[in-house]
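Undergrad: Starting off with a structure, shown below.
Quick note: the coordinates plus some simple rules give every number you see, no bench work behind them. This is a predicted model, so every value here is computed, not measured. Positions of Cβ are generated from backbone atoms using ideal geometry, with glycine treated the same way; all protein chains shown enter the neighbour counts.
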Amino acid sequence: MSAQVDTHAHEDDHGHHPKETFITKYIFCQDHKMIAKQYLITGLIMGVIGVLMSLLMRMQIAWPTEPNVIFELLLGKWAPGGVMDADIYLALVTIHGTIMVFFVLTAGLSGTFSNLLIPLQIGARDMASGFLNMVSYWLFFLSSVIMVCSFFVEAGPAAAGWTIYPPLSALPMAQGGSGMGMTLWLISMAIFIASSLLGSLNYIVTVLNLRTKGMSMTRLPLTIWTFFITAVIGVVSFPVLLSAALMLIMDRSLGTSFFLSDIFIQGEVLHYQGGSPVLFEHLFWFLGHPEVYIVILPAMGLVSEVLATNSRKPIFGYRAMIASILAIAFLSTIVWGHHMFISGMNPFLGSVFTFTTLLIAIPSAVKAFNWITTLWKGNLQMNTAMLFSIGFVSTFISGGLTGIILGDSALDINVHDTYFVVAHFHLVMGISALYGLFAGVYHWFPKMFGRMLNKNLGYIHFWVTAVCAYGVFFPMHFIGMAGLPRRYYTNSNFPLFDDTTNVQILITIFALVGGAFQLVFLWNFFYSIFYGKKAEQNPWKSNTLEWTTPVEHMHGNWPGQIPHVHRWSYDYSKPGHDEDFVPQNIPLKEGEEESHH
Amino acid sequence: MTGLLTILILLGITIAIWQMVKIFDLAQVNKDTSQVANDGDNKVQGYLMLAFLGFIYGITIVSFALWGDLPLTSNSASEHGPEIDRLMVISMTVIFIVQTITQFLLHYFAFKYKGEKGRKALFYADNDKLEFIWTIIPVIVLAGLIMYGLFTWTDIMNVDEDDDPLVIELYAQQFNWKARYAGQDNVLGKANVRLINLDNANILGLDEADPNAQDDIITTELHLPVGQPVLFKMRSQDVLHSAYMPHFRAQMNCVPGMITQFAFTPTVTTEEMRLNPDIYEKVKNINKIRVNKSKKLQAKGEEPLDSYEFDYLLLCNKICGKSHYNMQMKIIVESEEDYMAWLQEQKLFKNSLVQN
């Protein structure tokens with residue numbers, strides 16, 4: 001099925017657009033490239049906030065209850081005399097998780113690159129609906145503002161963990177953060193989900209309907225495949241979280257009992273009867289687990305593209321890559337119960353979820369092997385994006401492997417909710433997805449801003465980040481296996497864990513150094529937007545269509561006709577061609593066969 | 001003060017980097033100013049990739065050397081514990097092997113095939129046989145792990161009522177634990193939080209009319225007789241909690257509105273565990289750390305820390321509010337006689353009620 005836009009009006013760019021004002025160009029803009037930049041910069045700002053929170057937590061864990069000027073400076077009344085309050089620690093845990101998972105790695109990553117690359121790489125003038133796209137961004141912006149504002153309410157922001165399990169999240173008397181803070185959290189997330197759904201529907205429609213002539217589904221770059229499937233997963237699972245959030249709002253405000261039953265708190269019996277917190281867990285993780293694939297799939301797509309381009313080789317096993325994306329997407333919707341092995345659900349369900357969960361390791365392994373083989377006998381161009389892509393494969397393997405332990409219900413009994421889990425998911429979806437984001441930014445910065453990022457700063461940024469990421473999360477497995485629970489404000493009430501103190505301090509030092517060196521990236525990013533070296537049209541000698549557009553952005557992307565596509569996007573170093581790349585819009589030579597058919 | 005210092009240092013680092021890059025740039029004025037990697041970059045980064053492989057192996061070795069004694073993979077104190085430990089060690093070994101090989105291939109290839117001008121990469125898009133092999137190998141390995149895991153899981157979770165287990169309720173509330181023993185009849189009396197009456201000290205909401213409830217015993221320490229199967233019934237009165245007993249490889253959430261359960265047989269008494277060479281060493285090490293910490297505290301004019309003695313613990317492992325980090329209960333595993341003697345001293349429920 002090769003969808004085409006045959007109408008002449010769309011194929012040609014007429015060149016007379018209504019006059020742009022500052023507002024239509026930079027603020028309420030409907031052009032996908034500008035919206036991508038808006039997503040990226042908002043995501044980066046949220047990222048700075050999220051990372052800063054994690055550093056505050058790390059300092060608290062390493063040096064518990066010691067007065068710290070930074071706490072006093074940043075947390076104000078929540079750190080009287082510079083000693084962090086236990087409530088705000090849990091709030092930091094909660095908001096850090098929420099911001100990183102949703103605002104940085106969902107919106108910041110998928111939002112940025114889906115918007116930038118879908119129209120450019122499939123050969124479309126813009127998204128199917130520019131207006132919905134704009135609305136999607138502004139809803140995201142609104143939800144970000146509300147989430148950040150929740151830090152300034154009287155009783156503190158939501159503090160029940162990013163999973164907001166009721167009853168803790170439902171009862172203001174259970175925790176200060178479950179009052180106004182939780183209300184704002186729920187409102188913010190509801191708006192976020194609306195934004196995400198609008199975006200996802202747009203991506204799906206665009207990929208299915210607006211591909212240029214010749215761009216069949218099996219000629220699409222893997223980036224587009226991952227964005228497309230990510231959008232499908234989002235459409236399937238986000239509405240379930242929305243319904244859970246609405247039910248929770250009703251429990252909180254309208255007296256329903258979806259998730260609550262038999263509660264006695266602070267000297268009184270509450271009226272709730274017949275609900276179950278386990279139901280909430282099911283609904284939450286029905287999104288929550290696919291969510292990690294919503295985060296990681298786009299990163300995988302970006303990394304596949306960067307690896308192939310910089311190895312000057314086709315991605316190995318293109319069809320297997322697509323098959324594994326589809327397999328992961330399907331399996332991701334039937335594994336949510338592995339977060340709930342010991343939630344009190346029937347142990348038989350635990351067996352089923354163990355089975356489906358460990359199955360996911362198979363397509364993941366195929367992907368990892370294919371990436372490694374892509375490097376084999378390549379001619380590797382060590383650009384910063386390439387380094388982050390190799391780093392991605394490394395952390396994805398290191399973090400993914402421990403999933404074999406956590407996905408096994410019998411083993412999960414003893415490591416559930418310990419630091420082992422923290423180490424696992426930070427490596428496999430936190431750090432990996434961040435690497436994917438960085439790889440994307442370094443690779444497509446010239447496309448976004450028409451200028452190059454400084455490569456030496458990029459190298460410094462990568463290597464310090466890579467060392468610190470392992471420095472933080474590798475030792476963390478050990479304290480987790482020692483039985484140390486996560487989300488403890490301090491471990492000093494358990495002499496049993498005193499021998500983990502030094503590890504905690506070491507981890508914190510790595511975290512602080514790693515965090516500080518992100519400033520190098522921020523500097524490079526904002527400096528280069530204005531003063532970076534001017535970019536060539538196709539600096540990385542890449543095959544995909546976005547590099548056939550002019551460096552200066554324009555509405556409609558191509559000045560004349562949209563290029564037609566004659567081959568897949570991975571004809572790197574193809575025998576019979578002088579250059580080591582053949583862009584997709586170059587017709588096949590006489591007698592040349594298309595590579596992957 | 002430390003905060004200000006940190007900020008100053010960060011500022012210093014930033015300026016240093018800025019200057020370094022300026023120097024880099026100036027040095028390259030006449031050469032290649034493009035920001036695309038050249039052969040020189042490829043070479044340097046390729047070697048760094050190799051060095052990074054060394055770093056990954058290094059941090060693995062250092063971690064095992066320094067903290068290899070931390071993981072709970074031996075000295076479990078329950079009957080099913082060794083099963084979990086064995087599965088854990090097998091899984092870790094598999095992971096370790098895969099990790100070592102794949103990280104080597106990844107970083108070695110990154111070094112070996114670093115780009116050179118004029119060289120052309122191998123056009124190699126597909127190999128069905130190869131892909132089949134690395135699909136089928138994980139399938140086989142995982143099939144083994146899944147089977148082993150499922151048998152272990154079923155074994156642990158299936159409670160054998162014929163064993164006549166001792167029934168004990170674990171009761172969670174913000175932020176402490178209580179245990180309720182079923183008494184002579186080994187049947188827990190009916191209970192619901194709606195029956196809680198703080199005025200007559202019916203704190204767990206037992207049905208005062210239920211004959212089974214009369215001989216129940218509520219305690220704040222968990223005593224278990226060694227070698228006897230115990231069936232825990234978990235309840236929570238307010239929010240989710242999780243009853244985590246790491247030394248017994250046991251954990252189950254406590255959910256308001258429902259009763260959850262977990263069963264195990266403790267096999268090592270607290271006294272025996274304290275004499276276990278590994279635990280003995282661990283405690284000695286911890287006390288050394290505590291003495292050092294105490295010195296610092298005393299220098300500041302604060303109270304020194306108590307000396308630590310090993311005890312089994314029940315921890316809360318599900319975020320439950322402000323004092324989540326300090327929700328614990330001591331577990332004591334002892335001989336049948338000691339256990340009975342202790343139980344005799346405890347008040348029966350019917351006698352614990354306050355008459356108004």
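Undergrad: Of B:GLY321, B:LEU206, B:VAL139, which is farthest on the positive side of the dipole of the protein assembly as shown, counting Cα position, with +1 on Lys and Arg Cβ, -1 on Asp and Glu Cβ, and the Cα centre as origin?
TA: Positive-end residue among those listed: B:VAL139.
Undergrad: Of the lysine pairs in the range A:13-99, how many meet both conditions: Cα atoms under 22 Å apart, and a spacing of 8 or more in sequence or different chains?
TA: Value for the range A:13-99: 4.
Undergrad: Continuing with the same structure: Which order do the peptides B:201-210, A:389-398, A:564-573 come out in when sorted by mean C-beta neighbours inside 10 angstrom, highest first?
TA: Ranked by mean Cβ neighbours within 10 Å, highest first: A:389-398, A:564-573, B:201-210.
Undergrad: Quick one: grab Rg to one decimal and Dmax as a whole number for the range A:179-263, Cα atoms only, in Å.
TA: For the range A:179-263, the Cα radius of gyration and maximum Cα-Cα distance read 18.3, 62 Å.
Undergrad: Sorting B:LEU222, A:LEU380 on the 10 Å Cβ count, fewest up front, what's the list?
TA: Least to most surrounded, the residues fall as B:LEU222, A:LEU380.
Undergrad: Moving on. Taking Cα centroids, how far is the range A:407-454 from the range B:72-121 in Å?
TA: 18
Undergrad: Tabulate in residue order the Karplus-calculated ³J(HN,Hα) for the range B:213-230, using 6.51 cos²θ - 1.76 cosθ + 1.60 with θ = phi - 60°, rounded to whole Hz; enter x for Gly and Pro.
TA: The phi angles translate into 7, 4, 9, 5, 10, 9, 9, 10, 10, 9, 9, 10, x, 5, x, 10, x, 10 Hz.
Undergrad: Using a 10 angstrom cutoff on alpha carbons, build the Gaussian network for chain B and name the most mobile of B:PRO277, B:PRO229, B:PRO165.
TA: Largest GNM mean-square fluctuation: B:PRO277.
Undergrad: Which value in nm describes the separation of the simple spin-label points at A:PHE152 and A:SER129, placed 7 Å from the Cα toward the beta carbon?
TA: 3.3
Undergrad: Okay, moving on. As a footprinting exposure proxy, order A:PHE348, B:PHE55, A:PHE478, B:PHE248 by other Cβ within 10 Å, with the fewest listed first.
TA: A:PHE348, B:PHE55, A:PHE478, B:PHE248
Undergrad: Can you tell me how much longer the chain between A:GLN561 and A:PHE526 gets when fully stretched, taken as 0.36 nm per residue apart minus their C-alpha distance, in nm with one decimal?
TA: Full extension of this stretch gives 9.3 nm more.
Undergrad: Within the protein assembly as shown, what percent of beta bridges assigned by DSSP are antiparallel, to the nearest 5?
TA: That works out to approximately 70 percent antiparallel.
Undergrad: Rounded if a/c is under 1.5, else prolate if a/b beats b/c, else oblate: with a ≥ b ≥ c from the C-alpha gyration tensor eigenvalues square-rooted, which is the range B:163-255?
TA: In terms of gyration-tensor shape, oblate.
Undergrad: Assuming R0 = 45 Å, can you tell me the calculated FRET efficiency for the pair B:ALA209 and B:ASP155, based on Cβ-Cβ distance, to the nearest 0.05?
TA: With a Förster radius of 45 Å, E is 0.70.
Undergrad: How compact and how long is the range B:29-172, expressed as Rg and Dmax of its alpha-carbon atoms in Å?
TA: According to the Cα coordinates of the range B:29-172, Rg and Dmax are 24.6, 86 Å.
Undergrad: Scanning chain A for helices, which whole DSSP H stretches are 20 Å or more long along the axis (Cα) and average 0.5 or more by Kyte-Doolittle?
TA: Helices meeting the span and hydropathy rule in chain A are A:32-62, A:130-149, A:180-209, A:222-253, A:277-311, A:318-332, A:361-375, A:384-401, A:432-449, A:455-481, A:501-531.
Undergrad: While we're here: How many angstrom lie between the C-alpha centres of the range A:128-184 and the range A:234-258?
TA: 14
Undergrad: Can I ask one more? Which residue, chosen from A:PHE473, A:TRP444, B:THR270, occupies the Cα position most advanced towards the positive end of the dipole of the protein assembly as shown, where the dipole is computed from +1 (Lys, Arg) and -1 (Asp, Glu) charges on Cβ about the Cα centre?
TA: Of the options given, the answer is A:TRP444.
Undergrad: What angle, in degrees between 0 and 90 and rounded to the nearest 10, separates the Cα long axis of helix B:81-112 from the longest principal axis of the Cα atoms of chain B?
TA: 10
Undergrad: Can you pull the one-decimal nm distance between simple spin-label points at A:TRP138 and B:ASN186, each 7 Å off the Cα toward Cβ?
TA: Taking the two extended label points, one gets 7.0 nm.
Undergrad: Measure nothing fancy, just the Cα-based angle from helix B:2-27's long axis to the longest principal axis of chain B, in degrees from 0 to 90, nearest 10.
TA: It is inclined by approximately 20 degrees.
Undergrad: Something else about it: Quick one: Cα centre-to-centre distance for the range B:273-289 and the range A:68-127, in angstrom?
TA: Using only Cα atoms to place each centre, the spacing works out to 42 Å.
Undergrad: Sticking with this one: Cα to Cα, under 19 Å, and not fewer than 8 places away if on the same chain: which aspartates and glutamates meet these conditions relative to A:LYS377?
TA: Straight-distance partners of A:LYS377: A:GLU305, A:ASP571, A:ASP578, A:GLU579, A:ASP580, B:ASP39, B:ASP41, B:GLU116, B:ASP126, B:ASP128, B:GLU131.
Undergrad: Now a separate question. Based on the mean of other beta carbon atoms within 10 Å per residue, what is the order of B:171-183, A:53-65, most packed first?
TA: Listed from highest to lowest mean packing, they are B:171-183, A:53-65.
Undergrad: Something else about it: Let me test this: with uniform point scatterers at the alpha carbons of the range A:501-597, what is the Debye-based log₁₀ I(q)/I(0) at q = 0.17, 0.23 1/Å?
TA: Treating every Cα as an identical point scatterer, log10 I(q)/I(0) equals -0.87, -1.17.
Undergrad: Pairs B:LYS190/B:LYS233; A:LYS367/B:LYS112; A:LYS313/B:LYS120; A:LYS447/B:LYS117: which exceed 18 Å Cα-Cα?
TA: Those over the limit are A:LYS367/B:LYS112; A:LYS447/B:LYS117.
Undergrad: In the P(r) worked out for the protein assembly as shown, what percent of Cα pairs fall beyond 51 Å?
TA: The answer is 21 percent, as a whole percent.
Undergrad: What is the Cα convex hull volume of the range B:103-192 when expressed per residue in Å³?
TA: 261
Undergrad: Then there is this: Per-residue ellipticity at 222 nm for the protein assembly as shown, helices alone: DSSP H runs ≥ 4 residues times -39500 (n - 2.57), over residue total, nearest 500 deg cm²/dmol?
TA: Helices in the protein assembly as shown give a 222 nm mean residue ellipticity of -18000 deg cm²/dmol.
Undergrad: Which lysines have a Cα less than 28 Å from the Cα of B:LYS293, not counting those fewer than 8 places away in the same chain?
TA: Candidates past the 8-residue exclusion: B:LYS282, B:LYS284, B:LYS322, B:LYS330.
Undergrad: For B:CYS316, A:CYS29, what's the fewest-to-most ordering of other Cβ within 10 Å of each Cβ?
TA: A:CYS29, B:CYS316
Undergrad: Further, regarding this structure: In whole Å and largest first, what semi-axes does the C-alpha gyration tensor of the range A:43-135 yield when each eigenvalue is scaled by 5 and square-rooted?
TA: 40, 11, 9
Undergrad: Could I ask something else about it? With the crude spin-label approximation of a point 7 Å out along Cα→Cβ, what separation in nm comes out for A:VAL236 versus B:TYR124?
TA: Going by the 7 Å Cα→Cβ label model, 3.4 nm.
Undergrad: Find the lysine pairs in the range A:451-597 meeting two conditions, Cα atoms under 22 Å apart and a separation of 8 or more places or different chains, and report how many there are.
TA: Close lysine pairs found across the range A:451-597: 7.
Undergrad: On to the next question. From the mean inverse distance of alpha carbon pairs (Kirkwood) and the Cα radius of gyration, derive Rg over Rh for the range A:373-418.
TA: Across the range A:373-418, the Cα-based Rg/Rh ratio is 1.24.
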